[in-house]
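The values are calculated or read from the model by the stated rules, or taken from the named source; none is laboratory data. Here the structure is a predicted model, which is why all the values come from computation and not from measurement. Counting neighbours? That spans all protein chains shown, and the Cβs are built from the backbone with ideal geometry, glycine included.
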Amino acid sequence: MSRSVWAWAGPAGAAATLSIVVWRLGTGPFRDGVRAVDGKALVAAAGIGALTTVCCAWRWTIVARGLGVPLTLPAAVAACYRSVFLNLTLPGGVVGDVHRGVSHGREVRDVGRGLRAVAWDRAVGQVVQVVLTVVVLLALPSPVRSFVPLVALALAATVIGVVLVSRARPGVGRSRWARARSAVAGDVRDGLRAWRVWPAIALVSAVVVLGHAVTFLIAARTAGSTAPPSEMLPLALLAMLAMVLPSIAGWGLREGATAWVFGAAGLGAERGVATAVVYGVMVLVASLPGALVLVGAWIAVVLEPDGATDA
């Protein structure tokens, strides 16, 4: 019952946020955003999306190999494209990542470790994102600089949680939570503590965050914003923090957060919603290779010999 409540809490919150945005601002900003999308923005999104997807796949391979599970870069790139496409088309916003972890876990005959590799991949990427957000908010003048303590608090809580889990004693307790905590602690001690993996993880994570931020800036310009990049970058990074939370196929919190930060910066909440819509269309188009991966996998299953299928 608790798992069911948590599974519905994220989409329900996203739906409520989207409803409030429509109630306060109407549907006009959504229509404006769709009409503003052009070919140049979509081509730029596809190019940037290819770069960020390869970087995400590279980071995943580093984490997975650190945990002792093999993963090739081409397979990781295909799985990441598929994961992004599923995240952007199915409720929850994390279905693609769960599918990625389960599929890889089955291939290596260790679903638990496969899922943990994906979880660590997402976690370290989000930690780097929060760190970069704090740095940019402190370095650039912005009307949203007052939110630095809140972002820093979120970062501190994440780091403290990782440290506490890493110090847990393996094998203590027989409950499901105790076993999970023991497994996570073992991951940190045995697979992710090596200093040589962290520079590469930090580098590719920074490229991913900056790639998403550039996509957001292009979306803002496409939606009609004339603010300079130095003013838009802090807003982009703040809005992107909300995008990692559960949503309805990407919709909901993205529009609410973007309307909020644009309103706080004096750029207009309506323009923020239009920017979020353009951004959503751009990233969806950039994820379309993931649909080809799904179709290819389906064709492979259909053409598979009956004997192999039965096995």
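Overview of values
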read-out: Test: residue in the stretch 197-207 that is among the aliphatic types (A, V, I, L, M), modelled with pLDDT under 90, surrounded by fewer than 17 Cβ atoms within 10 Å (Cβ to Cβ) and not in a helix (DSSP H, G or I); value: no
read-out: Helices (runs of 4 or more DSSP H) lying entirely in the stretch 261-311 (those with 3 or more residues that are at pLDDT 90 or above and touching a Gly at 6+ places or on another chain (Cβ under 7 Å)); value: 269-286
read-out: Single condition residue 74 does not satisfy, out of (1) out of contact with any helix residue (DSSP H, G or I) (no Cβ under 7 Å at 6 or more places or on another chain); (2) assigned to a loop (DSSP other than H, G, I, E, B); value: (2)
read-out: Residues of the stretch 246-264 satisfying the condition of being touching a residue at least 40 places away in the same chain (Cβ under 8 Å) and either closer than 16 Å to residue 89 by Cβ or out of contact with any Ser or Thr (no Cβ under 7 Å at 6 or more places or on another chain) (or both); value: 246, 247, 248, 249, 250, 251, 252, 255, 259, 261, 264
read-out: Within the stretch 58-75, tally of residues that are closer than 29 Å to residue 218 by Cα and crowded, with 24+ Cβ neighbours inside 10 Å; value: 2
read-out: Qualifying residue in the stretch 231-244 (condition: at pLDDT below 85, closer than 23 Å to residue 153 by Cβ and not in a helix (DSSP H, G or I)); value: yes
read-out: Those residues of the stretch 245-256 which are under 14 Å from the mean Cα position of the chain (by Cα), in a helix (DSSP H, G or I) and closer than 19 Å to residue 218 by Cβ, in sequence order; value: 254
read-out: When residues of the stretch 107-130 are limited to those that are β-branched (Val, Ile, Thr) and over 17 Å from residue 75 (Cα atoms), the one modelled with the highest pLDDT; value: 128
read-out: Unmet requirement for residue 230, which otherwise passes all of (1) crowded, with 19+ Cβ neighbours inside 10 Å; (2) touching a residue at least 24 places away in the same chain (Cβ under 8 Å); (3) polar (S, T, N, Q); value: (1)
